[in-house]
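The values are calculated or read from the model by the stated rules, or taken from the named source; none is laboratory data. Nothing here was measured: the structure is a model prediction, and the numbers come from that model. Glycine gets a Cβ as well: all are built from the backbone with ideal geometry, and neighbour counts include every protein chain shown.
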Amino acid sequence: MVREAIPGEVEQAMTTLYDTLGVPMHATDEEIKRAYRKAAMKWHPDRNSGAEEVARATFQEIKDAYAILSDAAQRKVYDAVYTEQMRGWEAQRARQQKAQAEREAAARAADEAAYAEMVSLAMRFADEGHNRDVLFGVLLGRRCEARRAAQIADSVSALQASRREAEKAEAAAEAAAKAADVPDVSAEAEATAVNADAANRGAPANHGNQSKREESASDAHPAGALGGLWFQFLNGLRF
């Protein structure tokens, strides 16, 4: 698996003598000997016509690796040194990766802050009644990348349109609720007339004219006239 290079990282060749012979670090002496013979035969200059220089250099590396790993004392020293070098390399690599992660996090935070600022700007102009094209132009004027400016302008315009529709629906609902709370004046007037008629029928005969006069006076009273106009107005609303 190829590791992604970290910018500014100093790549260090970590090829070991074991890698040169093609064996693991825990290989036995016999495994190291067999691996050496196989690699030496493969890279012997006499067996690589036309690539003698490369073969000769590789063959020498194979010989040097075997000379160390086939000697128990030298192999022990090499393993200790290699282990220490590996620790240092891993620590350096960890520091480089941490620094890279911090740079990437800072870049993401800056990008998110810039995006939020552009969205806030577009919302402000949209609240003032400007259309999508104006929002797009304003964002471009703030050096916002064209693709992002178009995305923000489209999103904010759609949001504003949804808000306006929601406000219209809410206003219509409030108007309907208010209309439903208005009392039915026609029904009350009809009930009052029926009660008045029943009362008149039960009154003495010599009071008939007085009742009629009182009814006429009530009709002529400003309050009675206003009630009649209100009744007509409400009836007109229903049509």
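Quick notes on this structure:
- Taken over segment 53-70, residues that are of a type outside the set (Val, Ile, Thr), assigned to a helix (DSSP H, G or I) and surrounded by 13 or more Cβ atoms within 10 Å (Cβ to Cβ) amount to 8.
- Yes/no for residue 45 being within 28 Å of residue 91 (Cβ to Cβ) and out of contact with any His (no Cβ under 6 Å at 6 or more places or on another chain): no
- The helices (runs of 4 or more DSSP H) found entirely in segment 72-183 that carry 2 or more residues being closer than 30 Å to residue 28 by Cα and modelled with pLDDT under 90 are 72-127.
- Any chance residue 75 is assigned by TED's automatic domain parsing to the domain that holds residue 32, more than 30 Å from residue 146 (Cβ to Cβ) and touching a helix residue (DSSP H, G or I) at 6+ places or on another chain (Cβ under 6 Å): yes
- Of all residues in segment 198-205, one or more are surrounded by 13 or more Cβ atoms within 10 Å (Cβ to Cβ) and modelled with pLDDT under 90.
- Counted residues, segment 133-158 - those being closer than 15 Å to residue 116 by Cβ and within 17 Å of the chain's Cα centre (by Cα): 6
- Conditions (1) under 30 Å from residue 157 (Cβ atoms); (2) exposed (fewer than 13 other Cβ atoms within 10 Å of the Cβ); (3) among the small types (Gly, Ala, Ser): number failed by residue 73: (1)
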